[in-house]
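Take a look at the structure set out below.
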Amino acid sequence: MIAAARQARVIAVDLSPASLELAASLGAVVTINATDTDVPERVQELTSGGADVSIDALGSLVTLHNSLRSMRKRGRHLQVGLLAGDDDMPPVPMGLVIGSELEVLGSHGMSARTYPDMMAEIAVGALRPELLIRGVIGLDQAPERLARLGEPGAGAGGVTIVRPGSTTRRA
């Protein structure tokens, strides 16, 4: 949503059809189901040589490597959050990073100093975070939903709100 609001040509990659549908509704011009294709090859093809910027917010070894292999020379990769479990110390293909002169950046998320600009974009309607809300569940359903977070494609795409005392509904 943020990249599309800034006129970037967004290519969204995911395993979940629901997440890809949401990405398209928020401005992705192309969606790629990672189970159906060689992601780096497809991105290279769609961009005539590779992406200028990649963002991996999932945090898995597969997405990290796919992102790096999808880049054009002197591209920038942003790794949002830590990789977990067996991937907590991922092998990074430094030959590719050096050979393609890639920048690899890490982030825990958005810096508080940028909140005022983001809030201004929300106020004028350039960003619409309410469109990310895909469902509201009761507290009784939170354990089941949390347990499924690690399953590829298990999400509904977007954000699920846990509201104690409420019944489950789709946004």
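Tally the residues that are polar (S, T, N, Q) and in a helix (DSSP H, G or I), restricting the search to the stretch 1-41. The total comes to 2. Every condition in (1) at pLDDT below 90; (2) more than 17 Å from ALA57 (Cα to Cα) is met by MET94 except one, and the failing one is (1).
Assess whether VAL53 counts as being part of a helix (DSSP H, G or I) and among the β-branched types (Val, Ile, Thr). It is false that VAL53 is part of a helix (DSSP H, G or I) and among the β-branched types (Val, Ile, Thr).
In this entry, ASP56 passes the filter for residues that are free of Cβ contacts under 8 Å to residues at least 40 places away in the same chain, buried (at least 17 other Cβ atoms within 10 Å of the Cβ), among the charged types (D, E, K, R) and on the phi < 0 side of the Ramachandran plot. For the stretch 53-111, the set of residues classified as charged (D, E, K, R) and farther than 23 Å from ARG6 by Cβ consists of ARG69, ASP86, ASP87, ASP88, GLU101, listed by residue number. Taken together, the residues in the stretch 30-48 that are at pLDDT 95 or above and loosely packed, with under 13 Cβ neighbours inside 10 Å amount to 3.
Considering only the stretch 90-123, how many residues are surrounded by 10 or more Cβ atoms within 10 Å (Cβ to Cβ) and among the β-branched types (Val, Ile, Thr)? Going through the stretch 90-123 one residue at a time, the tally reaches 4.
The values are calculated or read from the model by the stated rules, or taken from the named source; none is laboratory data. Since we're looking at a predicted model, the values are computed, not measured. Every residue, glycine among them, receives a Cβ derived from its backbone with ideal geometry; neighbour counts consider all protein chains shown.
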